[in-house]
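After the C-alpha cells below, expect a handful of questions from me.
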Amino acid sequence: MKRNRCLFFIAGVALWLVSLVSHALVLRSDQGLKEPVLLHGQEEMFIDTSGNISIEDVLSGREGVQFIAGDTRRGRLQPGEIYWIRFSLQQGADAPSQWAVQIFPNWIDDVEVYRRDASGRISVDRLGDQHPFVDRTIRSSMLAFPVEVGSSPETYYVRVKTHGLAPLCLHVWQRAGLERAEISRMAFVSALAGAFGVMVLMNLIFWAWLRNSIYPVYALFLALMFVFVASMQGYANSLLFPEAPVMADRFMDISSCALMSIAAVFAWRFFDYDNYSPWAAWLMKAAAAAFAAGAVLSAWGVDAAVHGAVYLQMGVGLFNLGFIVWVMLRHRAFQYLLAATIFICVNLSWTYYVLVLLGLVHTSQPFLLDSWIPMLQLANLALLNFAVASRSRQAELALRAERKRAFDSMAVAKKALEDRVRQREFVAVVSHEFRTPLAVVDAVAHALELSPSGRDEAVKRAVGKIRKAIRRLAVLMENILQDDALEIGPTRPAARSFDLREVIESVGGVGLPEENARLSVQAPTQRTMCEGDPARIEMAIRNLVHNALKYSPPDSTVMVRCEAARGVFSVTVRNQGEPIPESERSSLFERYFRGATSTQVPGSGLGLHISRTIARQHGGDVVLLSSDDEGTVFRLTVPLEPAPLGLPG
C-alpha cells in the first residue's frame, strides 16, 4: 500500500513538472530586442473577489484559489477585486538571463511581483502608481519589472490592483531591448512636445493678431492634449512626481478630465453652436462644466469621477459627430468640412481607445495603442491646426474686406458731408440774399394794397397772390434754415424762462389777414412759464398752424386750444380738412415726407418733422390724435417750468 502511494506521488510530481515545462515560455536570443514577446496564451489567472488572498495562500493552494488559463486583455476588474496572474519563463539556447516584463497600461495602481527561489525564499518587487518611481527596480516610463530566467522554468506570480480601466497586457523584453524602447519613447515624446509647442505658439500668435478667443482655447486644448499623452506614456511618474506616487496617479485623472472639458468648449466655440442651436450650445456648456467638476473630484481622490467622465465623453463625442454633420447638411455650412472631418477622426480614435480600455472592443495587441493613438492624434491635430489657420486666413480676408468697406463708407460719408456743407452754405447765402428783395416786394405789395389803386378787384387779387407767394417762400426758407440748425446744433437748445402766452399771441398772426381770420385761438389766461428756446417753440406751433390752414377748405375754421395741467402745456390744433390715409400716418414726421393728397399743395415736407424735433428737444412731443371725416387733430406738448415753493403751479 505504501509503495503504491509513493508511486502515485512521484507520478503526480512528474506530471506537475511536465505541465510547468509545457506552460513555460521559452525565450530565444533573437526575441525581445526590437519588439516584445507577448505573454498572452501563457498566463493563468485568478480573480480574488474578497481582496484578502495573500501570496502564502496562493502558494499553499488554499481552497478557492484556482488558476485557469485565460486572456488578461479581455478582463476588467471591478472595485475591490484583485488580479492574480501566474506565468513561467525559461531560458532558450544562447538567450540572455536578464529580461524584463512590461505591464500595459502604465497607470496600474499597485503591482506586486512574487518569485520563489530554489531555497524557498519568496522575493517581491513592488511598482505601480501607488509606489514612488524612485523605488522601482527598473526606472523606466514603462511599467516594468526585472526577471531572471534559467534553463529550468521560473514561475512568477503578479498581484494587480487598480481603479482605472485596464485590459492587462504583459510582454517580455530583453533588458537591452527595453532600454532601446525607452530611448525611442523619449525621442517620440520629445518630438511630440516640439510639435505641440509649435502649434500652441502659432495659435497664441493668431490670438494676438486677430483677437479671436477661439485661438487661446485651441492652444489650451493642444497643451492639455500633450500633458495627457505624456501622462499616458508614464512621464507623470518619472518626470513630474517621482517621489509622490499619489499625485502622479491623480494628475493623470485630472489632466484627462480637463482635456475633455476644454475639448467640449473648443467644439462649442469653433463650430458656433450658439448660432445653429442654443440648446446644443447649452448641452456642450453643461458637458464642459461636468468634466471640470470631474477634474476637481479627481484632485480630491474620487476615483469614480474619471470613470463617469469617460462614459460621458463617449456620449458627447457621438453627439458632436451627429450635430456637426447636421449643421453641414442642414445649413450648408461646408466651410467646416475639413475641420469637422479632422475633429471627428480625433473623436473616433479616442472613442476606439476608450472602448478597448473598457473591454468592449478587443484587439490582439492593445499595448500598441499606447503609441499609435498619440501619433494618429498628432497627425489629426496638425491637420486641424491647418484648418484653424485657414479659418484665421479667412478671418483676415474678412477683416481686410471690412476695413475696405469702412474706408469706402468713410469716403462716401466725407463726400456727403462736404456736399451737405456746401448745400448749407448755399442755402444760407440764398436765404440771406432773398430776404431783402422779398421784404421789399412784400412792402411794395402792401403799399399798393393800401393805395387808391388797391381798391380795384383785379389789383386786390394780384396783390393777394404776391403776398401769399412771398409768405410761402419765407416759411420755406425758415424751415430749411431751422432744419439745418436742428441737424447740426445741440440736442438740447439753449434754455431760458419765458411765458408761453406771448408765443401763442404771436402765433395768431402767422398768415395773411384772410388766413388769420380763420384762426380761433384759445390762449392761456394766466402766466404759463416754460424753460427753453421761445423762438423754436413758436416755430413748432406755427408749422402746425400753417399745415392746418393749408390742408383745409379756405372758408373753414382752424381751432387752436391751449391747456396747462399736471406740469405739461399742450397746444391742440384742429382743422376740417380731408382725413390722412392710414398708410401714411406712420411716415408723417419723417423729413421731406409728403402724402399723396398734398401734391397740389405747396410745401417742403419739413414742417411736421421740425415741430416734433423741437418739441422732443424740449422734453415734449408732437402726435397725431385723430384724422377722420370731421377733420385732423395734432397736439404739441412741452413740460412747464416747476413753480417756486409756496406758489400755486
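Rank-order 146-156, 218-228 by packing density, defined as the average count of other C-beta atoms within 10 Å over each peptide's residues, highest first. The partial results should precede the final answer.
Details: 146-156: 16.7, 218-228: 22.2.
For the peptides 146-156, 218-228, the packing ranking is 218-228, 146-156.
Also: Sequence gap at least 6, Cα distance under 8 Å: using those rules, report the relative contact order of the stretch 236-369 to the nearest whole percent.
19 percent
Show me 109-120, 50-61, 93-104 ranked by packing, highest mean number of other Cβ atoms within 10 Å first.
Working: 109-120: 15.0, 50-61: 12.4, 93-104: 17.8.
Packing proxy ranking, top to bottom: 93-104, 109-120, 50-61.
Also, I was wondering about something else. Give me the aspartates and glutamates in straight-line cross-link reach of LYS285: C-alpha distance below 15 Å, same-chain residues under 8 apart excluded.
Hits, sequence-local ones excluded: ASP272, ASP274.
Does the stretch 153-312 come out rounded, prolate or oblate by the C-alpha gyration tensor, with a ≥ b ≥ c the root eigenvalues, rounded set by a/c under 1.5 and, if not, prolate when a/b is larger than b/c and oblate if not? Let's see the in-between values first.
Numbers: a/c = 2.70, a/b = 1.56, b/c = 1.73.
Oblate, since a/c reaches 1.5 and b/c is not below a/b.
Just how far, in whole angstrom, is the stretch 149-202 from the stretch 548-611 if you go by their alpha carbon centroids?
90 Å
Expressed in nm to one decimal, what extension gain is obtained for the pair ALA443 and SER97 from 0.36 nm per residue of sequence separation less their Cα-Cα distance? Don't skip to the answer; put the middle values down first.
Numbers: separation 346, 0.36 × 346 = 124.56 nm, distance 13.08 nm.
So the extension gain works out to 111.5 nm.
Further question on the same structure: With every protein chain left in place, what is the accessible area per residue of the stretch 216-267 in square angstrom, probe 1.4 Å?
Numbers: 1550 Å² over 52 residues.
Per-residue accessible area for the stretch 216-267 comes out at 30 Å².
What FRET efficiency, computed as 1/(1 + (r/R0)^6) with R0 = 35 Å and r the Cβ-Cβ distance, is obtained for ASN52 and VAL325, rounded to the nearest 0.05?
It comes out at approximately 0.10.
Efficiency by 1/(1 + (r/R0)^6): what FRET value for ARG422 and ASP628, r their Cβ-Cβ distance, R0 = 56 Å, to the nearest 0.05?
So, using R0 = 56 Å, E works out to roughly 0.80.
Sorted by mean Cβ packing within 10 Å, highest first, what order do the peptides 171-183, 532-544 take?
Values: 171-183: 18.8, 532-544: 22.3.
The packing order, highest mean first, is 532-544, 171-183.
VAL124 versus ASP408, label points 7 Å from Cα toward the beta carbon: distance in nm?
About 8.0 nm, to one decimal.
Now, a different point. Specify whether the C-alpha gyration tensor of the stretch 516-555 places it in the rounded, prolate or oblate class, a ≥ b ≥ c being the square roots of the eigenvalues: rounded for a/c under 1.5, otherwise prolate if a/b is larger than b/c and oblate if not. Don't skip to the answer; put the middle values down first.
On the way: a/c = 4.23, a/b = 1.66, b/c = 2.55.
Judged from the Cα gyration tensor, the stretch 516-555 comes out oblate (a/c at least 1.5, b/c at or above a/b).
The values are calculated or read from the model by the stated rules, or taken from the named source; none is laboratory data. Quantities reported herein were computed from a predicted structural model and do not represent experimental measurements. As a convention, Cβ positions derive from the backbone with ideal geometry for all residues, glycine included, and neighbour counts pool all protein chains shown. Each accessible area value is taken on the protein alone, full model and side chains, heavy atoms only, with ligands, DNA and RNA left out. Shrake-Rupley method; radii C 1.70, N 1.55, O 1.52, S 1.80 Å.
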